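Throughout, read-outs are computed from the coordinates displayed, never taken from laboratory work. As the structure is a computational prediction, the values presented were derived from the model and not from experiment. Neighbour counts run over all protein chains shown; Cβ positions are idealised from the backbone, glycine included.
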Protein chains: 2
Amino acid sequence: MIRDNLTMLTDFYEITMANGFLEQGVGEKEAVFDMFFRNIPDGGGFAIMAGVAQLVDYLKNLKFTDNDIEYLRNKNLFSEKFLEYLRTFKFSCDVWALEEGTPMFPGEPIVTVKGPAIQAQFVETMVLVTINHQSLIATKSNRIARAAEGRTVAEFGSRRAQSYDAAILGARAAYIGGAHGTACTISEQLFGIQTYGTMAHSWVQMFNDEYSAFKAYAETYPDSCLVLVDTYNVLKSGVPNAIKVAKEVLEPMGKRLKGIRLDSGDIAYLSKKARKMLDQAGLKDCIIMASNSLDEYIIRDLMLQNAKIDAFGVGERLITAKSSPVFGGVYKLVAVEENGELAPRIKISENIEKVTTPGFKSLYRFYDKDTNAALADLVTLHGETIDENAPYTIFHPVYNWKKTKLTNFYVKPLLKKIFDKGVCIYEEKSLDEIRDYCLKEVSTLWEEVLRFENPHTYYVDLSKDLWNLKSQLLDKYTY
Amino acid sequence: MIRDNLTMLTDFYEITMANGFLEQGVGEKEAVFDMFFRNIPDGGGFAIMAGVAQLVDYLKNLKFTDNDIEYLRNKNLFSEKFLEYLRTFKFSCDVWALEEGTPMFPGEPIVTVKGPAIQAQFVETMVLVTINHQSLIATKSNRIARAAEGRTVAEFGSRRAQSYDAAILGARAAYIGGAHGTACTISEQLFGIQTYGTMAHSWVQMFNDEYSAFKAYAETYPDSCLVLVDTYNVLKSGVPNAIKVAKEVLEPMGKRLKGIRLDSGDIAYLSKKARKMLDQAGLKDCIIMASNSLDEYIIRDLMLQNAKIDAFGVGERLITAKSSPVFGGVYKLVAVEENGELAPRIKISENIEKVTTPGFKSLYRFYDKDTNAALADLVTLHGETIDENAPYTIFHPVYNWKKTKLTNFYVKPLLKKIFDKGVCIYEEKSLDEIRDYCLKEVSTLWEEVLRFENPHTYYVDLSKDLWNLKSQLLDKYTY
């Protein structure tokens, strides 16, 4: 799968609509679209934003090649005027997005695109697939890293990823969310994520016996010798052979056995037995890594059982977010130019949760001045400001009588402008900076929000002006 | 995500092992690896092979660039001899694979790679991610297409795919399994898969009212006018406006309304009501498309409720195989050169199902001569032949007393050679040929195997010689 850009990775209706907008003379009308999501994967208390750097790449490289235009011409659906428009297409929208690593909540604008309707509409598919995928994996990885309570988490899932980018960018997103590294080599090459990896069962099987295999590995990699001990029998063969190699091969060279890996069987039991055997052999510094169908639930159980594991290799359940494999972000029109002004738009639905919040908006997070704890998020009309020196009363958007008066706070605007009239003004950060920011921001959340089961619902309220606008439009469109 | 090849999409341990094999002088030993899987997603009765064409692309383009080698050199782990080996790397293995579209079962070799150990080992990650992903989606798509009983199934999931290749190649795999088309434009461009797509809610919201929006669309696309009717209210507004446009805009032009799409609410109820309204307006030829969180289970329920739906747009639950999002294919060493001959290898495990079937093997399918029904599959040692003119007794690999005598059959070898000593001999087929082959081969399966719930377990047996070999090795390695 070789390719030079992803402009044509788009739902076909984006193209039929684009041509239609142009034909109908509404293509250049200013429009505003919001990306937001309705539910948090795994019933969690928050999600993690990721994928913005790849969204920026896409928007910077947006162009229709001669091949693309020829393909579209052959559909016999589109006007020559439209094909000429595509040939000279130049992205000219304003774009805002949450910073990667930001904890985020349902109903919040997380990406906003404002510009000519034809353009702001067209980018929908790529905005969604990019942010949905990486946010899904970053969110899952953060849960797994929290379950591991500081122990090393290595992303091991490439072989079970939903194709190539899911492996490559999934490793990136997993790192942002809190994983410490990956087995995916190209992800280290592209993003500088630490790789992990020593041997498969086939290494052990290639040699005449397990001891010869471990010995060969120790001789090749005396400084990073971690051996897989479950090819034949963990306690009768694997661990004794690992100890023998530590004593007979590594120690004479002045080297230490770095670790063993368990990949099957009862990990809790085996790790405790193996730990004892290693300790009794004077190998207290030898780590135990485990890697068999792990996720945050299994890891938490292993910790509760006092399993002796120093590092977790997490595969398919992280790279596919197996227990909840869809991040359901949507991209909706919220305002469109009418008589030279932006007029808000709403989408009504039988499903209450599918009703959108209209208008061009901003998003603020309130933090406690003393503790830096995140107190609430507030969605406002664009341009509303918040006075940090006066109390601010927030209220529940449905049960309005539920009010909270916030005092002693400071606020941060969360949406950062990344394109200004098509010009990229995104400030690139290193993946380590993004990861540090993520972990720091997660630490500002109450522990009740961090809980895996039935987490507290974090406040995401609307400003009075935005709430009034939404109420008016709801009245107008329902009958 | 621009890239020129995927050689470095590999688990890091493939590289540490490759260097180790070379250092230890075993890199050029002949080795045989099998890909196989242990469980069928969604508890189904069979899976569908897909992804071979992309595996071929990968193997043909396998090469290490100067950048790759420099990156590896900087790890300070690998010998210069190894880096030089990579610089002049030339793939020289034999490779066999099932044809794309073939129904396949747990425990069968579906890809076999035979060649220098260092090479046959190295390709593991890409063999697995390629075949695992597309087989997952083709298998899911086949279930959904069967639930739809001949009605159109369009793959609509790009925005919820697990990144870009999952969208692009997922559309390909969905088509192989039985979907009729996709919304993913680049997949039509690359693979010729029919695209579908007309309008989003935003099209409706861009105009002053719903009727104006439908009218504008009908004027732009009089030959393919399918309108989305749930932006405000399906029965009070959407369907009446669609009918009005059919009468007032399309019919005066001599055109017909092609269809309406329902995307929310109670689809069974709404489709029946809408069908009546359309029929009464003389629009019996206007199709009804539905698209809201569909999968094989919901579609089957809609059919049972006699919903009036002609076409299904299936999104996130197809493109991620949401209910069972991992295809667990593995890649295991089954034989390695010893004293100039291939010696079989086995992997023992506490988990019975994780024990491998040793040896370089072939795979045959038995068909009934009269009905062409698939009777059983047989895994044999490589080179075993089956006499089609004599009865053949198969037996259960665990409960040996369970025997079946097959008569009046013919057999097909299922593994096709696609690389011969590194030279690609894969015969490329069009996607339509692959899809036709898939649907034809699925039709050879008993309906008890096709069932969604508790399907009959299709026979996959071992030949007597292979069973004997496996038994001997099991005895040898357990104590």
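For the pair A:K405 and B:K421, label points projected 7 Å from Cα toward Cβ lie 8.8 nm apart. Here chain A is treated as a Stokes sphere of Kirkwood radius computed over C-alpha pairs; at 10 °C and 1.306 mPa s its diffusion coefficient rounds to 64 µm²/s.
A:K60: net charge of surrounding residues, Cβ under 12 Å, Lys/Arg +1, Asp/Glu -1, itself excluded? Walk me through the numbers on the way to the answer.
Working: positive: A:K63, A:K90; negative: A:D57, A:E428.
Net of charged neighbours comes to 0.
Can you give me the Cα centroid spacing of the stretch A:262-277 and the stretch A:294-325 in angstrom? That distance is 15 Å. Each copy carries a label point for B:E80 at 7 Å from Cα toward Cβ; from one copy, the others' points are 6.5 nm away, ordered from shortest. Packing, as the average of other Cβ atoms within 10 Å across residues, places the peptides A:461-474, B:446-459 in the order A:461-474, B:446-459, highest first.
Beta bridges assigned by DSSP with both partners in chain A are antiparallel in approximately 70 percent of cases.
Between copies, the label points of B:I425, set 7 Å from Cα on the Cα→Cβ line, lie 6.2 nm apart, reported in increasing order to one decimal in nanometres. What value, in deg cm²/dmol to 500, does the helix sum -39500 (n - 2.57) over DSSP H runs of n ≥ 4 give at 222 nm once divided by the residues of chain A? Theoretical 222 nm ellipticity from helices: -10500 deg cm²/dmol. Among B:Y410, A:Y175, sorting on how many other beta-carbon atoms sit within 10 Å of each Cβ, with the fewest leading, yields B:Y410, A:Y175.
Can you work out the FRET efficiency for the pair B:Y297 and A:M303, with r the C-beta to C-beta distance and R0 = 30 Å, to the nearest 0.05? That gives a FRET efficiency of 0.25. Annotation: average projected area of the stretch A:83-151 is 6.2 square nanometres, based on the convex hull of Cα atoms across all directions. Taking a threshold of 31 Å on the Cα-Cα distance, which of the pairs A:K63/B:K244; A:K322/B:K369; B:K63/B:K412; A:K60/B:K421; A:K140/A:K332; B:K361/B:K405 fall above it? Where the Cα-Cα span goes over 31 Å, the pairs concerned are A:K63/B:K244; A:K322/B:K369; B:K63/B:K412; A:K60/B:K421. Enumerate the amide H contacts of A:M104 below 5 Å, restricted to partners 5 or more residues apart or on another chain; note that Pro and chain-start residues carry no placed amide H. Excluding prolines and chain starts, which carry no amide H, the hits are A:A47, A:I48, A:M49. Normalised by the number of residues in the stretch B:320-479, what is the relative contact order in percent for Cα pairs under 8 Å and 6+ residues apart? Taking the mean separation of contacting Cα pairs over the length of the stretch B:320-479, I get 23 percent.
Taking the Cα centre of the protein assembly as shown as origin and assigning +1 to Lys and Arg Cβ atoms and -1 to Asp and Glu Cβ atoms, the resulting dipole is close to 1420 debye. Working from Cα pairs under 8 Å separated by at least six residues, relative contact order for chain A is 20 percent.
For B:K215, the aspartates and glutamates whose Cα falls under 15 Å of its own Cα, not counting residues fewer than eight places away in the same chain, are A:E23, B:D223, B:E248, B:E251.
I'd like the antiparallel share, as a percent to the nearest 5, of DSSP beta bridges with both residues in the protein assembly as shown.
On the way: 91 of 129 bridges.
Close to 70 percent.
Mean separation of Cα pairs under 8 Å and 6 or more residues apart, divided by the residue count, gives the stretch B:18-110 a relative contact order of 47 percent.
Starting with the fewest neighbours, write out A:T371, B:T112 ranked by other beta-carbon atoms found within 10 Å of each beta-carbon.
Values: A:T371 10, B:T112 26.
Fewest-to-most Cβ neighbours within 10 Å comes out as A:T371, B:T112.
Provide the gained length on full extension for the span B:K276 to B:H396, in nm with one decimal, where the gain is 0.36 nm per separating residue minus the Cα-Cα distance. Before the final figure, lay out each step's value.
Values: separation 120, 0.36 × 120 = 43.20 nm, distance 5.48 nm.
Gain on stretching B:K276 to B:H396: 37.7 nm.
Rounded to the nearest 0.05, what FRET efficiency is calculated for B:R451 and B:Y477 with R0 set to 56 Å and r the Cβ-Cβ distance? After rounding, the FRET efficiency stands at 0.90.
Taking θ as phi - 60° and the Karplus parameters 6.51, -1.76 and 1.60, the scalar couplings of the stretch A:393-404 work out to 9, 9, 9, 5, x, 10, 8, 4, 5, 7, 10, 9 Hz in sequence order, x denoting glycine and proline.
Taking R0 as 56 Å, what FRET efficiency do you get between A:D465 and A:D310 from their Cβ-Cβ distance, rounded to the nearest 0.05? All intermediate terms of the calculation are to be shown ahead of the outcome.
Values: r = 53 Å, r/R0 = 0.95.
Once the sixth-power term is evaluated, E becomes 0.60.
Choose one of B:A290, B:V229, B:A274: the residue whose Cα lies farthest towards the positive end of the charge dipole of the stretch B:197-326 (beta-carbon charges +1 Lys, Arg; -1 Asp, Glu; about the Cα centre). Highest projection toward the positive end goes to B:A274. The simple spin-label model puts a point 7 Å past each Cα toward its Cβ; for B:K90 and B:K247 those points are separated by 7.5 nm.
The mean number of Cβ atoms from other chains found within 10 Å of a Cβ in peptide B:199-212 is 6, as a whole number.
Highest mean first, the peptides A:335-343, A:284-292 sorted by other C-beta atoms within 10 Å per residue fall in the order A:284-292, A:335-343. Per-residue Cβ neighbour counts within 10 Å put B:T130, A:T357, B:T139 in the sequence A:T357, B:T139, B:T130, beginning with the fewest.
With 0.36 nm allotted per residue and the present C-alpha distance subtracted, the A:N61-A:K255 stretch has 64.8 nm of extension available. Averaged over the residues of A:122-131, the number of partner chain Cβ atoms lying within 10 Å of the residue Cβ comes to 4. Per residue of peptide A:321-329, the mean number of Cβ atoms on other chains within 10 Å of the residue Cβ is 5.
Based on Cβ point charges of +1 for Lys and Arg and -1 for Asp and Glu, what charge dipole magnitude is obtained for the stretch B:138-319 about its Cα centre, in debye rounded to the nearest 20? Before the final figure, lay out each step's value.
On the way: 23 positive and 20 negative charges, 79 e Å.
The calculated dipole for the stretch B:138-319 is roughly 380 debye.
A label point on B:E248, set 7 Å along the Cα-to-Cβ line, lies at 9.2 nm from each of its counterparts in the other copies, closest listed first. Close amide H partners of A:R345, meaning residues 5 or more places away or on another chain with modelled amide H under 5 Å apart, are A:A335, A:V336, A:G359. The charge dipole of chain B, taken about its Cα centre with unit charges on the Cβ atoms of Lys, Arg (+1), Asp and Glu (-1) only, comes to about 1080 debye.
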